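Worksheet for the structure shown next.
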Amino acid sequence: MMKRLLLSIVAVALLAGGALWAQDLTGNWQGTLKAGKDLRMILVVSKEDGRLQAKLYSIDETPQPFRVSSISQDGATVKFAIDLNGTTYEGKMNADNNAIAGTWTQAVTSLPLDFSRATKETAWDIPAPPPPRKLMPADAEPGVEVATIKPNNTDGSTMQVLTFRGRNLITVNSSLADLMMFAYSVQMKQIIGAPEWIEKDRYDINATPDVEGTPTADQVRIMIRKLLADRFQLKFHHDKRELSAFVLTVGKDGPKLKPSQPNGNLHGIGVQPAKTGAMMFANNSPIPAFTSFLQSLVLDRPVVDQTGLTGRYDLTVTFTPDDSLFNGHSLGFPKPADDVEPAPGLFDAIQQQLGLKLTAEKTQVDVLAIDHVEKPSAN
């Protein structure tokens with residue numbers, strides 16, 4: 001009797017083990033995220049050296065996949081994260097191994113998202129990747145073929161967009177100061193002798209370069225410099241001033257940075273709300289572009305890069321904003337819920353999460369001394 005009982009227990013264990021083993025996550029899963037409009041998602045899961053890896057397609061938005069930073073399966077529980085845009089997902093797989101019911105969380109917004117295993121009959125087509133972008137010649141110094149500059153009277157206090165769409169440079173709600181800070185990689189305190197309107201007056205700009213191809217970030221800067229000289233009649237000279245600045249260095253334990261996969265010359269940097277505060281992210285970014293973003297939009301003084309790092313990186317920093325950041329504007333970041341531990345302040349977050357260190361110092365800094373500037377000429 002005892003022997004039969006033991007054999008039964010072994011049989012049950014084997015069946016249970018078989019059920020767990022059968023819950024194989026690899027393959028294509030698809031589901032629709034209802035986020036204002038329906039967004040079809042395809043999660044492609046594979047194994048490499050015994051470890052799960054994945055990429056996610058949002059096929060109604062872009063043919064380019066999002067790289068899944070981490071994915072795990074613990075019994076029926078499935079989790080994955082996309083660090084670059086602050087997305088997490090957690091769901092439960094059913095016993096038939098063909099559906100996952102779960103929740104998609106991005107920044108502070110959580111939405112239901114259920115996946116079903118794709119079959120030959122039900123699978124959505126994954127869009128073909130676009131052809132490689134034709135790059136602007138490396139030695140090109142683009143000017144402006146044609147540009148429209150329109151006043152923006154929406155009372156916004158910060159630049160909302162600076163990007164390339166197709167062949168055109170687009171800015172929304174940009175001040176002359178914003179454009180100078182980007183074009184010359186300086187902070188507002190490095191622009192001296194300028195009239196007040198360069199910060200207050202705001203414009204929407206649409207400009208076409210006079211050279212074909214996708215520009216590098218440096219070529220975008222060259223183009224904007226020529227636009228400012230032509231349409232704002234901007235003239236200045238360089239000088240040196242001792243200013244309070246932040247110096248960015250590598251921490252004592254080394255950098256904690258993820259090198260980017262090869263992805264052309266353009267980079268993206270931004271900030272968005274997070275459950276524990278705010279999340280700053282960068283994609284395909286060199287460190288000088290990151291410091292330029294910090295000094296232009298986040299901090300109140302110049303940021304000097306002394307890291308010696310020359311690569312391009314994908315990075316995220318989650319931190320709790322305070323009144324010293326973003327020129328005192330809250331930017332709508334919500335306070336963490338009472339049961340959520342807030343993220344560290346920006347300086348601690350950069351050190352803990354990136355392995356870099358920001359320190360305040362007085363140092364000699366290049367400044368732009370304005371000789372002449374005018375409000376933009378008519379279109």
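Summary table below
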read-out: Cα-derived Rg to Rh of the chain, Kirkwood definition; value: 1.06
read-out: Karplus (6.51, -1.76, 1.60) ³J(HN,Hα), θ = phi - 60°, over the range 165-175, in Hz, Gly and Pro reported as x; value: 10, x, 8, 9, 7, 10, 10, 10, 6, 9, 8
read-out: Crossing angle, helix 217-231 versus the chain [Cα axis fit, 0-90 degrees, rounded to tens]; value: 30 degrees
read-out: Fraction of the pair-distance distribution of the range 286-379 above 17 Å, Cα-Cα pairs, percent; value: 63 percent
read-out: Cα centroid separation, the range 318-379 to the range 65-87 (Å); value: 29 Å
read-out: Nearby lysines by direct alpha-carbon distance to Lys335 (threshold 26 angstrom, same-chain neighbours under 8 apart not counted); value: Lys34, Lys79, Lys275, Lys357
read-out: 0 to 90° range, to nearest 10: angle between helix 2-22 axis and the chain longest Cα axis; value: 30 degrees
read-out: Of every Cα-Cα pair in the range 104-259, the percent that sits beyond 24 Å; value: 56 percent
read-out: Counting DSSP beta bridges with both ends in the chain, the antiparallel % (nearest 5); value: 95 percent
read-out: Of Pro209, Pro129, Pro273, the one that fluctuates the most in a GNM where the chain has Cα springs shorter than 10 Å; value: Pro129
read-out: Net length gained if the chain between Thr359 and Ser70 were fully extended (0.36 nm per residue, minus Cα distance); value: 100.8 nm
read-out: Whether the range 244-319 is rounded, prolate or oblate, judged on the alpha carbon gyration tensor where a/c under 1.5 counts as rounded; value: rounded
read-out: The chain, accessible area per residue, ligands and nucleic acids excluded (1.4 Å, Å²); value: 54 Å²
read-out: Mean-position separation - Cα centroids, the range 263-304 and the range 172-221, in angstrom; value: 17 Å
read-out: Cross-link partners of Lys240 among lysines (Cα-Cα below 21 Å; sequence separation of 8 or more within a chain); value: Lys189, Lys362
read-out: Accessible surface, 1.4 Å probe, highest first, among residues Arg301, Arg221, Arg167; value: Arg167, Arg301, Arg221
read-out: Translational diffusion of the range 237-288, µm² s⁻¹ [Kirkwood Rh, Cα pairs; Stokes-Einstein; 4 °C; 1.567 mPa s]; value: 88 µm²/s
read-out: Percent carbon-and-sulfur accessible area, the range 53-104, ignoring ligands, DNA and RNA, probe 1.4 Å; value: 46 percent
read-out: Where a label projected 7 Å from the Cα of Ser46 along Cα→Cβ would reach, residues of the range 129-162 with amide N under 18 Å; value: 129-130
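The values are calculated or read from the model by the stated rules, or taken from the named source; none is laboratory data. All of these numbers come straight from a predicted model, not from anything done at the bench. Please note: Cβ atoms are built from the backbone with ideal geometry, for glycine as well, and neighbour counts cover all protein chains shown. Please note that ligands, DNA and RNA were not included when accessible areas were found on the heavy atoms of the full protein model with its side chains. Shrake-Rupley method; radii C 1.70, N 1.55, O 1.52, S 1.80 Å.
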